[in-house]
Amino acid sequence: MTSGRGVWITLEGGDGSGKTTQSDLLASRLTDAGRTVVRTREPGGSAVGQLIRDIVLHHRGDIAPRAEALLYAADRAHHVATVVRPALARGEVVLQDRYLDSSVAYQGAGRVLDATEIRDLSLWAAEGALPDLTILLDLDPAAARVRLDSADKPFDRLEAEQAEFHGRVRDGYLALAAAEPERFLVLDAAASADEIADRIRTRVDSLLAAC
């Protein structure tokens, strides 16, 4: 990609919604087209973030909801400063698994904390940074659970939460998308992977052409 401001794309959705599959497909396509792609995630997109990821997803025992939210914000502050902003300054495409919308959905709606406070905390941590495009893969929590069960791997702390929690998370995501329709692309994650990828390709091509 030529020098200048890059493009920042985030993928959001409940556990089991297919974010990794779509990220793989999009990254491959962009790379084949000659774009420099930086793939990253939250939490865990930096060395410091990986330490935080181990705590928030794999710690044995409870973590107070506010402490959990602060840990995610700490990861976000470091990640945006050391990974995202430098890549965008180089004119690269940042393709990221989860960002502040996850905190609003999981710690806000899921943990029943104040969603506005969680969003404001994240924006403060990231100095107001927002993605150019957020792809929300929307899937019924019962269908997501079937996918997770079939993966035959241990659940992390959030994946192991009850159905009511994941229902609140889904509602939180849809509320965010409704509030910012210009930033969000909401897709039915129950559709085929190819169909979803086609929809994403159309939107991303339009975004890149405008840059």
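The values are calculated or read from the model by the stated rules, or taken from the named source; none is laboratory data. These numbers were taken from a predicted model, which means no experiment stands behind them. FYI the Cβ positions are ideal-geometry reconstructions off the backbone, even for glycines, and counts take in every protein chain you see.
Observations on the structure shown:
- Checking each residue in region 160-185 for being of a type in the set (Asp, Glu) and assigned to a helix (DSSP H, G or I) picks out Glu164, Asp171.
- Residue check for Arg157: in contact with a helix residue (DSSP H, G or I) (Cβ under 7 Å, 6 or more places away or on another chain) and not small (Gly, Ala, Ser): yes
- Only one of Arg157, Arg147 that is part of a helix (DSSP H, G or I), modelled with pLDDT under 90 and farther than 19 Å from Ala178 by Cα: Arg147
- Qualifying residue in region 62-79 (condition: more than 23 Å from Asp120 (Cβ to Cβ) and in contact (Cβ under 8 Å) with a residue 60 or more places away in the chain): no
- Matching entry among Leu148, Leu100, Leu88, Leu139 (being in contact (Cβ under 8 Å) with a residue 60 or more places away in the chain and under 15 Å from the mean Cα position of the chain (by Cα)): Leu139
- The set of residues in region 165-211 that are under 18 Å from the mean Cα position of the chain (by Cα) and of a type in the set (Val, Ile, Thr) comprises Val169, Val186, Ile196, Ile200, Val204.
- Filter result for the condition that a residue is surrounded by fewer than 21 Cβ atoms within 10 Å (Cβ to Cβ), modelled with pLDDT of 95 or more and touching a Gly at 6+ places or on another chain (Cβ under 7 Å), over Val94, Val83: Val83
- Subset of region 102-116 [surrounded by fewer than 24 Cβ atoms within 10 Å (Cβ to Cβ), of a type in the set (A, V, I, L, M, F, W, C) and closer than 18 Å to Ala179 by Cα]: Ala109, Ala115
Residues are listed down the side, and each one gets a yes or a no for (1) out of contact with any Asp or Glu (no Cβ under 9 Å at 6 or more places or on another chain); (2) outside any strand (DSSP E or B); (3) modelled with pLDDT under 90; (4) among the charged types (D, E, K, R):
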| site | (1), (2), (3), (4) |
| --- | --- |
| Ser17 | no, yes, no, no |
| Asp24 | yes, yes, no, yes |
| Ser28 | yes, yes, no, no |
| Gly45 | no, yes, no, no |
| Gly49 | no, yes, no, no |
| Gly61 | yes, yes, yes, no |
